[in-house]
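What follows is a set of notes on a single structure, which appears directly below.
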């Protein structure tokens, strides 16, 4: 492709995109290194004069941040595993088997991907309350699985379709059953797709706020996005401590993204993704 | 199943029994003879347990499809269909957990009180305004970001990361970050504005300024999602189209409007519909930035539903509110499905 515009302009545009995307996070990082005294100085300082890690210590001390992290991780991992398993089965049926209602099934799955989660708040609250599941991982894992299922299914369908069918046929000639071929041939070969779908499911669960706030209000069961809002009092905003907690919360997901950015991009290409 | 496969099915059975004897050690001893390596095995040994198992797993496509799709549809039934039915039913009940009364049918009473509830109208207006402002804004910003990210730089990861990381971090985090950015004394926004105006802006004391701060924050967060969807679309446009347009004498702008935009239409449709649906549910950012204040000036429909359901435990009224949101969203979904099915 011919490069539009002069090189300097292109470089400036790239710089602007990077500043737009990363400056807010960099600013939070700088804030997390400042003392409360430095923060309340006018005009504000940009680089911290005396960088300190004390805010990180306080972030773990003022709120059980480690517990929130663990809960978020547990809920996200369990729901990701569950989503991947269910989506793999469905995607194989949709990608490979001759079924008459394929269009209908795909339509239903796409319809669910546009479903407003807010409308599930009341009935799921009633059900979870009746079943005594409020303040358990299950209260979040089940809805999060449904939240990610459509995207993951669509991503996996497109990856499965890219695996040559001859490989499966060969496996079946060699005595593998159809389900055996799915788990021994198709899934390993579409590992990048499975991984991508898993990443999307993980990010979905990691980010969810409304249900986590509504269903798991006990301190020991709170997830990170809910717990992180609790540093502020009615009038007090300990911004350096909040910033430190935010950095702690951003690092795991950012690390995943940095390591696997290419997979995420290909996943977003493969399935129309919800954001 | 292709022809060659069914032709080989007889031999296939025997080979599976011999080749996977170890894996099937739990099966009765009748696999024994085959496992000792008499291959090709004779057909009469057919009704052995491996065969029955094979029949289950190798059932015809229709049955297998039903088995494979069952977990998905079971989950959708339990977590989506049943709750929606229950939601609609509850919206016709007086069902308040604080009243001490058992739930009872009141017809459309919840909907009547909703229609005369000024806070509902405020929340609905705010929600629709947020959608009307942030969806086009995020689309324009996202398009600009995607065009830059699609440039063939030698090193692409910094630009990509600056789209991916804002997309991946929780909305609730972004709301907190927004609150800190627009903080009136020490916020970085006012610090930058200091250079162009003499007095600082106290963002969160005024209803419409808070609203604007929220819209800006939502636009920043969601433009990354739009950009990623559009970037995916841009990458599918073949270079030949641009080259052909260049040969025909089209300049940068002409190429953008005659090639890029038309080719990008499906991606734009997807991005816009998903953005509309998620922005109708706006909750996290206003909650973490302003908690709906000052007054009720930044309360959204989702916040009002949450307040009535979780804080006031008025499930009947909360359900009626949610039904309204559901209907609005359904309209958008129907539109989206028609768009998708219209595409080849």
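Each value in this text was obtained by applying a stated rule to the coordinates, not by laboratory testing. Everything numeric here is computed off the predicted structure, so don't read it as measured data. In this analysis, Cβ positions are derived from the backbone assuming ideal geometry, glycine residues included, and neighbour counts consider all displayed protein chains.
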**OP:** Taking chain A as the reference, fit the longest principal axis to its C-alpha atoms, fit the long axis of helix A:121-130 to the helix C-alpha atoms, and give the angle between the two in degrees, 0 to 90, nearest 10.
**Re:** 80 degrees
Original post:
Each label point is 7 Å from the Cα along the Cα-to-Cβ direction; what then is the distance between the points at residue B:252 and residue B:121, in nm?
Top reply: 4.9 nm
Subject >> Cα centroid separation, the stretch A:198-266 to the stretch B:291-334 (Å) >> reply: 23 Å
Original post:
Over the protein assembly as shown, with a single point scatterer placed on each C-alpha, what log10 of the ratio I(q)/I(0) does the Debye formula yield at q = 0.06, 0.07, 0.10, 0.11 1/Å?
Top reply: -0.38, -0.51, -0.96, -1.12
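Using a Förster radius of 56 Å, what is the FRET efficiency between residue B:291 and residue A:8 based on their Cβ-Cβ separation? Nearest 0.05, please.
Values: r = 45 Å, r/R0 = 0.80.
Taking R0 as 56 Å, the efficiency between residue B:291 and residue A:8 is 0.80.
Would you mind estimating how fast chain A diffuses translationally, via Stokes-Einstein at 10 °C and 1.306 mPa s with the Kirkwood radius over Cα pairs, in µm²/s? Display every interim value, and only then the final one.
Values: Rh = 21.6 Å.
The Stokes-Einstein estimate is 74 µm²/s.
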Subject >> Listed peptides B:256-266, A:73-83 by packing density, highest first (mean Cβ within 10 Å) >> reply: A:73-83, B:256-266
**OP:** Evaluate the distance, in nm, between pseudo-label points positioned 7 Å from the Cα of residue B:156 and of residue B:60 along their respective Cα→Cβ axes.
**Re:** 4.7 nm
Subject >> Spatial separation of Cα centroids for the stretch B:223-271 and the stretch A:16-33, in angstrom >> reply: 30 Å
**OP:** Quote to one decimal, in nm, the extra length available between residue A:36 and residue A:184 on full extension: 0.36 nm per residue of separation minus the C-alpha distance between them.
**Re:** 47.6 nm
Original post:
Between the helical axis of A:191-207 and the dominant principal axis of chain A, each derived from Cα atoms, what acute angle in degrees is found, rounded to the nearest 10?
Top reply: 40 degrees
**OP:** Subtract the Cα-Cα distance of residue A:230 and residue A:61 from 0.36 nm times their separation in residues, and report this length gain in nm to one decimal.
**Re:** 59.6 nm
Subject >> Ascending count of other beta-carbon atoms within 10 Å, so fewest first, for A:18, B:273, B:305, B:202 >> reply: B:202, A:18, B:273, B:305
Original post:
Which FRET efficiency, nearest 0.05, do residue A:218 and residue B:73 yield, Cβ-Cβ r, R0 25 Å?
Top reply: 0.15
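With r defined as the distance between the Cβ atoms of residue B:241 and residue B:129 and R0 fixed at 45 Å, what FRET efficiency is calculated, to the nearest 0.05? Could you put the intermediate results ahead of the total?
Working: r = 38 Å, r/R0 = 0.85.
With R0 = 45 Å, the Cβ-Cβ based efficiency is 0.70.
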Original post:
What whole number of Å gives the distance from the Cα centroid of the stretch A:98-149 to the Cα centroid of the stretch A:160-194?
Top reply: 29 Å
Original post:
If the viscosity is 1.002 mPa s and the temperature 20 °C, what translational diffusion coefficient in µm²/s does Stokes-Einstein give for the stretch B:193-263 when Rh comes from Kirkwood over Cα pairs?
Top reply: 136 µm²/s
**OP:** Any chance you could get the radius of gyration and Dmax over the Cα atoms of the stretch B:182-332, in Å?
**Re:** 21.4, 67
**OP:** Take the Cα of residue B:335, step 7 Å along the line toward its Cβ, and report every residue of the stretch B:249-279 whose backbone nitrogen sits under 17 Å from that point.
**Re:** B:265-279
Subject >> Residue mean of other protein chain beta carbons inside 10 Å, B:304-310 >> reply: 4
**OP:** At q = 0.17, 0.18, 0.23 Å⁻¹, what is the base-10 log of I(q)/I(0) for the stretch B:62-105 according to the Debye formula with one equal point scatterer per Cα and no solvent? Please give it to two decimals.
**Re:** -0.61, -0.64, -0.79
**OP:** Please give the average number of partner chain Cβ atoms lying within 10 Å of the Cβ of each residue in A:86-98, rounded to a whole number.
**Re:** 5
Original post:
Roughly how many nanometres apart are two label points built 7 Å out from the Cα toward the Cβ at residue A:54 and residue A:237?
Top reply: 2.2 nm
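Highest first, please rank the peptides B:96-105, B:318-327 by the mean number of other Cβ atoms sitting within 10 Å of their residues.
Those peptides, ordered most packed to least, come out B:318-327, B:96-105.
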Original post:
So what is the 222 nm mean residue ellipticity for the protein assembly as shown from helices alone, if each DSSP H run of at least 4 adds -39500 (n - 2.57) and you divide by all residues, rounding to the nearest 500 deg cm²/dmol?
Top reply: -21500 deg cm²/dmol
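To the nearest whole number, what is the average tally of beta carbon atoms from other chains within 10 Å of the beta carbons of peptide A:121-133?
Working: counts 12, 21, 14, 6, 8, 10, 5, 0, 3, 0, 0, 0, 0.
Partner-chain Cβ atoms within 10 Å, mean over residues of A:121-133: 6.
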